[in-house]
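Any read-out appearing in this document is the output of simple, stated calculations on the displayed coordinates, not a laboratory observation. Being a predicted model, the structure only gives us computed values, none of them experimental. Don't worry about glycine lacking a Cβ; one is built from the backbone with ideal geometry, like all the others, and counts go over all protein chains shown.
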Amino acid sequence: MAGKKRYGRNAKKRRKIKLAIRIGLVVLLVLGAIGIRNLIVKHKEARIVGKMQGVEVPDFVEPAILDEKANSRSGKQLEAVRGIVVHYVANPGTSAMQNRDYFAGEETVVNAHFVVGLEGEIVQCIPLNEQSVASNWRNADTISIEVCHPDETGQFNEKTMAALTRLTVWLLEECKLKPEDVIRHYDVTGKMCPLYYVEHPEAWEAFIDSLGEAMKK
Ligand SMILES: [Zn+2]
């Protein structure tokens, strides 16, 4: 009887060990799969940042890159491009170039990759692989666009909206992103920026929908 009992106990022990090994293997496999997936994502992200370094902006963008020594240049390389952040300049009636020149000022410590103006002009202020200083903790993984507006409401005019759409669609395609990856500064920090599109979420939704439509073409 005693021997049988011991045999039973050993068999139980062996089953427990086998089960532990199986669980261990499954855990290792899952961790391995997650590791590989992360590596692939990191590789893709690095490739997109690398590509942004050499990408040629379309004709509708006027490059006016800030001096390398400008106070507002972070000089930091983007870690990834996971989104596009839209801002409003909060200075009614100013042009894209005026805002770009403001970024160039000695006292200024903010900037953006692009400014879209009242006539539909688009000015590029910093290289596309560099971090802007616009969107707080999302500077490291987003492209930022400042948008001009005619009055205090912060609503973009028709020409500005058309240019913003054109620029954003180009960026989404270059960076392999979706319209939902376009966010407001408000979505990062809760700041009332871009003002009109925080106060009128339906106008923001309509903009995001229009990007989807434009991308299908
Ligand atoms: Zn903002």
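Points to keep in mind about this one:
- Each residue in Tyr102, Tyr197 was given a count of other beta-carbon atoms within 10 angstrom of its own, and listing them fewest first yields Tyr102, Tyr197.
- Mean sequence separation of contacting Cα pairs (under 8 Å, at least six apart), scaled by the length of the chain, corresponds to a relative contact order of 20 percent.
- Positive contributions from Lys and Arg (+1) and negative ones from Asp and Glu (-1), summed over other residues with Cβ under 15 Å from the Cβ of Asn111, come out at -2.
- Sorting Ile208, Ile145, Ile40 from the fewest to the most surrounding beta carbons within 10 angstrom yields Ile40, Ile208, Ile145.
- FRET efficiency for the Gln77 to Asn10 pair, using the beta carbon distance and R₀ = 45 Å, is estimated at 0.15.
- For the chain, complete DSSP H runs whose alpha carbons reach 18 Å or more along their own long axis and whose mean Kyte-Doolittle score is 0.0 or higher are 158-174.
- Pairs over the 27 Å Cα-Cα cut-off, from the set Lys16/Lys42; Lys76/Lys216; Lys44/Lys217: Lys16/Lys42; Lys76/Lys216.
- Residue range of the chain that is longest and free of GluC sites (Glu not before Pro) which are both DSSP loop and sparsely packed (at most 16 other C-beta within 10 Å): 153-217
- Alpha-carbon centroid distance for the pair the range 3-53 / the range 136-160, whole angstrom: 46
- Aspartates and glutamates whose Cα lies under 20 Å from that of Lys176, excluding same-chain neighbours fewer than 8 positions away: Glu45, Glu56, Glu79, Glu130, Asp141, Asp209, Glu213
- Loop-resident sites, the range 35-76, for trypsin sites (Lys or Arg not before Pro), counting at most 13 other Cβ within 10 Å (DSSP): Lys69, Lys76
- Order of Val85, Val133 under a 10 Å beta carbon neighbour criterion, fewest first: Val133, Val85
- Residues of the range 6-27 falling in the label zone of Ile36, defined by backbone nitrogen less than 15 Å from a point 7 Å along Cα to beta-carbon, are 26-27.
- Per-residue ellipticity at 222 nm computed for the chain from its helices equals -16500 deg cm²/dmol, with DSSP H segments shorter than 4 residues left out and the rest contributing -39,500 (n - 2.57).
- The charge dipole of the chain, taken about its Cα centre with unit charges on the Cβ of Lys, Arg, Asp and Glu (plus for the first two, minus for the last two), comes to roughly 4120 debye.
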